Each structure stands twice: as structure tokens, then as C-alpha cells.
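Reading through the C-alpha cells given below for one structure.
What follows is calculated from the coordinates using simple rules that are stated; it is not laboratory data. As the structure is a computational prediction, the values presented were derived from the model and not from experiment. As a convention, Cβ positions derive from the backbone with ideal geometry for all residues, glycine included, and neighbour counts pool all protein chains shown.
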Amino acid sequence: MADIRTTRLHLRRPDESDVDAIFSACQDSDIQRFTLVPVPYRREDAEHFVRVVAVHPRSSVWTIRTLLDDTFVGVAGLRMADDVGTLGYWCAAPQRGRGYLGEAVATVVDHGFTVVGAGTIRWSALLDNVASARLAASLGFRYIGRRTETAHGLDEQVNTAELLRSDPREPRAWPAAVVGPNP
Ligand SMILES: CC(C)(COP(=O)(O)OP(=O)(O)OC[C@H]1O[C@@H](n2cnc3c(N)ncnc32)[C@H](O)[C@@H]1OP(=O)(O)O)[C@@H](O)C(=O)NCCC(=O)NCCS
């Protein structure tokens, strides 16, 4: 998997040098609530992530760092089943609010369509994850609706969306109930 450079970011396969940063970032309550990382999150979980999860043959997973000074930003990836990719991402709390994940995920989506061969990329998030919904809407994902998913052993309602290879990558209007007013 080749490295990717965007305007501000360097995306590459996670390795041992990321373990400390991933372990530290995943103590954040939003990452623990809104993603499927183990709770509590132990150092061994970060080691397992870089050694096993990130090298799974059907996954493309990147660690995201700034080009400027190699600051750790977060993680984004796709898990494939046939030609459908499921998107996942998180941003370390100190790096939020700068649009880094929008920049990184746009590139991950491009990679999914052009390199991995995805025809569809799917997104889902808990109903109160407005930041993630706004990010997906800004990348052109079309809102589908709610469904039930199992997360951390609980059945939870999630919002769902998808992007087709042929879809324009431009911001889409989503229901205000999902993204708040003036998305
Ligand atoms: C989702 C996440 C990656 C977004 O990264 P970020 O750096 O916060 O993203 P941005 O600052 O670019 O915000 C994205 C949008 O959400 C808005 N937003 C951010 N936090 C918000 C909040 N708490 N409530 C409402 N809107 C919010 C921003 O204003 C922005 O909207 P805009 O593009 O219309 O201006 C980050 O919040 C995160 O890692 N959260 C925890 C893990 C997670 O939820 N992962 C995704 C699981 S589906």
C-alpha cells in the first residue's frame, strides 16, 4: 500500500512507531463511544491494531500525520466485502476542528474507488455523531436512513449513508435532524 500525500497530510500504513500515539488518542471518550475500538483501550489493543487489524488483506488502513511536523492526527480505513467498502475513521482530540479528517477521508475514498476497486462505500454513525455526519455529507455521501447496528454488545440506532463510484464528490444536503441547521 503506497503512502499518500495530501495538501497538509501524510497517510501511510500504521506501524510500531504509531502505537504510543494510537494508545494515547484512544483514551478519548468520543473515540470510545463513536467507534468500535475496545473499551477500556489498552496498549495491547494498539499493538494488535498495527500488527493485525491494519494488515488484514481486505482492509486498507492509514495512519494520518501532518506533513509539516509529523504530528499524529488519526486513523482512517476501509474494510472491503466484495465491491463494498465500509469506512471508518477517527481524529485525535487535540487535532479536531481543522478539517484534517475531511482531507484524509476524501483521499481514502478515492483510493477505495480507484485502487481497491470499490463500487460503493458505506458510512454509518451513532445518531448524535453530528461531526461525523457533517464530514460524510461534505464528501458527497448520500443519506440513506437509520438502521440498527450492534456496537460494544448493544443494539444501537445509527444513521447510514453511501457513496457510489459514479457519484459526484461534492457536498450534499442531509436532513437537518442529522447534521443540524445550515450544513
Ligand atoms: C468525526 C471526527 C473525525 C471529525 O473530525 P473533526 O476534526 O472534529 O472535524 P471537523 O472539525 O472538520 O468537523 C466536521 C464538521 O462537524 C462540525 N462539528 C464538529 N464538532 C461538532 C459537534 N460536537 N457538534 C456539531 N457539529 C460539530 C464542524 O463544524 C464541521 O462542520 P462543517 O464542515 O459544516 O464546518 C472527529 O470528531 C472524531 O474523531 N470523533 C470521534 C470518533 C468518531 O466519531 N469517528 C467517526 C465514527 S463514524
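Using R₀ = 22 Å, calculate the FRET efficiency as 1/(1 + (r/R₀)^6) where r is the Cβ-Cβ separation of D110 and T71; round to 0.05. So, using R0 = 22 Å, E works out to roughly 0.45. Between T6 and L36, the modelled label-to-label distance comes to 2.3 nm, taking each label 7 Å out from Cα in the direction of the beta carbon. Couplings for region 12-22, taken from phi via the Karplus curve 6.51 cos²θ - 1.76 cosθ + 1.60 with θ = phi - 60°, read 8, 5, x, 9, 4, 5, 9, 4, 4, 5, 5 Hz in order; Gly and Pro are left as x. Scanning residues 5 or more positions from T6 or on other chains, those with amide H under 5 Å from its amide H are L11, with H placed 1.01 Å from N in the peptide plane. Applying a DSSP loop filter and a limit of 16 other Cβ atoms within 10 Å to the trypsin sites (Lys or Arg not before Pro) in region 100-183 leaves R165, R169. Shape summary: region 4-179 maps onto an equivalent ellipsoid whose semi-axes, from the alpha-carbon gyration tensor, are 23, 19, 16 Å in decreasing order.
Karplus-based coupling profile of region 164-171, in residue order and whole Hz: 8, 3, 7, 6, x, 8, 9, x, with θ = phi - 60° in 6.51 cos²θ - 1.76 cosθ + 1.60 and x standing for Gly or Pro.
Between G102, G145, G88, the Gaussian network model of the chain with springs among Cα atoms under 10 angstrom shows the greatest mean-square fluctuation at G145. A cut-off of 5 Å between modelled amide H atoms, ignoring neighbours fewer than 5 places along the same chain, links G74 with I64, A92.
About the centre of its Cα atoms, the chain shows a dipole size close to 420 debye [charges on the beta carbon of Lys, Arg (+1) and Asp, Glu (-1) only; nearest 20 debye].
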